[in-house]
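The block underneath contains the structure these notes are about, expressed in structure tokens.
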Amino acid sequence: MKSSTLKVFLTIISVIFVAVYLQPVTACVQQSPSELTLTDGVIRVELDEQVRLSMHQIAIIGSEDLRVELLDITEDSRCPSDVACIQAGQVTATFNLEVLRDGRANDYFISLIHSASQAELAFENFDGYSIQLINVEPYPISTEEIAISDYVVTIVVSKI
């Protein structure tokens, strides 16, 4: 009787050990040297490193109490790659940036414009940080419509 009780007890302890110690290891999937996917919609990156975000995906920035979410592409007037245009056009991405300070969340809603002629519009300072919109993909083609879910932006967040 004591032997079977001991076996059950050791089995329970083994299951708890596996659940507690091995689960965190399997919860993260290596994406690249600087990106770890924690769940389907969350990526962890460090300050000053480029990160690619799809729609409603969230980046948690290193040891900072900072998260960035791509909310929307509100405009894409870029000249399609298979057309000759007078102007290059631009694309506007809107982000929600959340900074935790003293136990309170400060939210910032920022729109950045990626334009060949106005690079300064792709950069914004907020709460001791800066965010820069590096690139927006895919690039338009005249015969194809881009679904909002297909957009991927490349950004970098830095401390100022």
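The values are calculated or read from the model by the stated rules, or taken from the named source; none is laboratory data. Small disclaimer: the values here were computed from a predicted structure and weren't measured. Neighbour counts are summed over all protein chains in view; Cβ atoms, including those assigned to glycine, are modelled from backbone coordinates with ideal geometry.
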Only one residue in THR154, THR74, THR94 is free of Cβ contacts under 8 Å to residues at least 60 places away in the same chain and surrounded by 15 or more Cβ atoms within 10 Å (Cβ to Cβ). Which one? THR94
Kindly list, by first and then second residue, each pair from a residue in the range 123-140 that is closer than 20 Å to GLN90 by Cα and aromatic (Phe, Trp, Tyr) to a residue that is modelled with pLDDT of 95 or more and surrounded by 14 or more Cβ atoms within 10 Å (Cβ to Cβ), limited to pairs with Cβ atoms under 6 Å and residues at least 6 apart or on different chains. PHE123/GLN132
Just one of the numbered conditions (1) over 29 Å from VAL42 (Cβ atoms); (2) among the hydrophobic types (A, V, I, L, M, F, W, C); (3) without any contact (Cβ under 8 Å) to a residue 24 or more places away in the chain is not true of VAL83; which one? (3)
For ILE110, state whether it is within 19 Å of ILE60 (Cα to Cα) and modelled with pLDDT under 95. no
State the number of residues belonging to the range 81-128 that are hydroxyl-bearing (Ser, Thr, Tyr), part of a strand (DSSP E or B) and over 16 Å from the mean Cα position of the chain (by Cα). 2
For the list (1) over 12 Å from the mean Cα position of the chain (by Cα); (2) at pLDDT 90 or above, I need the number of the one condition that SER54 fails. (1)
